[in-house]
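The values are calculated or read from the model by the stated rules, or taken from the named source; none is laboratory data. As the structure is a prediction and not an experimental result, all values here were calculated from the model. Using ideal geometry, Cβ is built from the backbone for each residue, glycine included, and neighbour counts are taken over all protein chains shown. Accessible surface is based on the protein model in full, side chains and every heavy atom, while ligands, DNA and RNA are left aside. Shrake-Rupley method; radii C 1.70, N 1.55, O 1.52, S 1.80 Å.
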Amino acid sequence: MKILAYQRVETPVLTQLKEQHDVRFFKNIDTNSDPAFLDFLSQADGIIGLDLPVNQTLLNCAPRLKIISNVSVGFNNLPIEELSRRQIMATNTPGVLTDTVADMVMGLIISTARRLPELDRFVKDGNWEESLDSTYYGTDVHHKTLGIIGMGRIGTAIAQRAHAGFHMDIVYHSRTRKPEVEQKFQATYASLDELLAVSDFVCLITPLTNETEYMIGRREFKLMKKSAFFINASRGKTVVEQDLIAALQNNTIAGAGLDVYEQEPIDPSNPLLRMDNVVTLPHIGSSTYETELAMSQLAAENLLAGLSGKRPKNLLNPEVWERK
């Protein structure tokens, strides 16, 4: 089998795949024009990797393609209906990154509230010459209200950490109510507007879909407390970024902790990078070696199952399998 690997597949997994199949790895190339990429794509039976922009043009160049295996829980890069129409399986890697992303979110909450990056820079720049006054104080995290938008696996793991570790009150908004979460963490289900109004920290952890694209904008920021912090660990396009920038500049909200952006990598001229009350991370939610390796391994298992005629564990479009 010919397997096209794109952007991020951990080396041990790539090595294992190469022992069994003809594998070509591509990174930081223009997928619309790179001749080596397009040549191998025309022969590929399967694709594995991170954030390959899949569209009809790409699929038209891949007549033999049977499966695309994302090395991520997100799959907004995949046109699922079109893949199903073409009988191409699509898979992702849920579950293995849950705890790692939840840890990172709690780190963002603490870093933003306690101004850790700003004060780290203050010390390293040699500005700590005397005891600090209230100008440099942060905000407590414990016993505050955390609003979680999206109570899936990761949202639940965040709720567990916040409730048990920081005695936070949990309010959540999700497509469906989660009675087990309400019971276990004394969480309260609320409308989006209610959540925004009562939360000290608003954490967005939804997938990017037609329903969630740009779901948080000027109106939503105005509903938040002026003392509240906004945390985004979902996808950049779930937020109207210019409205977030305006809310921060106008002191509509107190600060933000961000792992994702509308454009990635972020433009160096983006005003978010010059705000002391914003913590900016380079989309590293799942980026520990243990978790990235586990994601690559699961993606490879999905890929090899599909190529060998078996149903992949994490099949996103089961209708393809049902038609076989």
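Once you have the Kirkwood Rh of the range 50-194 from its Cα pairs, apply Stokes-Einstein at 20 °C and 1.002 mPa s and quote D in µm²/s. For these conditions, the coefficient is 114 µm²/s.
Please compute the contact order of the range 64-205 in relative form: average sequence separation of alpha-carbon pairs under 8 Å and at least six residues apart, divided by the residue count, as a percent.
Working: 183 pairs, mean separation 29.9, N = 142.
Relative contact order for the range 64-205 comes out at 21 percent.
Hey, of (i) 30, 52, 18, 1; (ii) 34, 60, 6; (iii) 26, 34, 20, 17, 4, 0, which did the structure itself give for P(r) over Cα pairs in 20 Å bins from 0, in percent when calculated? After the calculation, the listed value that fits is (i). Solvent-accessible surface (1.4 Å probe) assigned to Ser191 amounts to roughly 50 Å².
Here the label points at Ser287 and Glu211, each 7 Å from Cα along the C-beta direction, are separated by 3.1 nm in the simple model.
Relative to the Cα centre, the charge distribution of the chain, modelled as +1 at Lys and Arg Cβ and -1 at Asp and Glu Cβ, gives a dipole magnitude of about 1020 debye. Please report, as a whole percent, how much of the solvent-accessible surface of the range 1-112 comes from carbon and sulfur atoms (probe radius 1.4 Å). Exposed carbon and sulfur together represent 48 percent of the surface.
Counting only alpha carbon atoms, the long axis of helix 98-113 and the longest principal axis of the chain meet at about 30°.
Any chance you could run the full-extension gain for Glu322 through Ser227? It's 0.36 nm times the residue separation minus the Cα-Cα distance, nm to one decimal. Walk me through the intermediate numbers first.
Numbers: separation 95, 0.36 × 95 = 34.20 nm, distance 5.12 nm.
Between Glu322 and Ser227, full extension yields an extra 29.1 nm.
Working with all protein chains in place, sort Ile245, Ile110 by solvent-accessible area computed with a 1.4 Å probe, largest first. Write out the running numbers ahead of the final one.
On the way: Ile245 5, Ile110 50 Å².
My answer, sorted largest first, is Ile110, Ile245.
Find, among the GluC sites (Glu not before Pro) in the range 40-129, those assigned to loop by DSSP (not H, G, I, E, B) with at most 10 other beta-carbon atoms within 10 angstrom. Listed in order of number, the matching sites are Glu129. Using a probe of 1.4 angstrom and keeping all protein chains present, the accessible surface of the range 1-119 works out to 43 square angstrom per residue. Counting only DSSP H runs of at least 4 residues, each contributing -39500 (n - 2.57), and dividing by the residue count of the chain, the helix-based mean residue ellipticity at 222 nm comes to -10500 deg cm²/dmol. With both labels modelled 7 Å from their Cα along Cα-to-Cβ, the Glu19 to Asp120 distance reads 3.8 nm.
Mind ranking Cys203, Cys61 by accessible surface for me, highest first, 1.4 Å probe? Each step should come with its number before you reach the end.
Details: Cys203 0, Cys61 50 Å².
Highest to lowest solvent-accessible surface, that is Cys61, Cys203.
Could you give the angle, 0 to 90 degrees to the nearest 10, between helix 11-20's Cα long axis and the longest principal axis of the Cα atoms of the chain? It is inclined by approximately 10 degrees.
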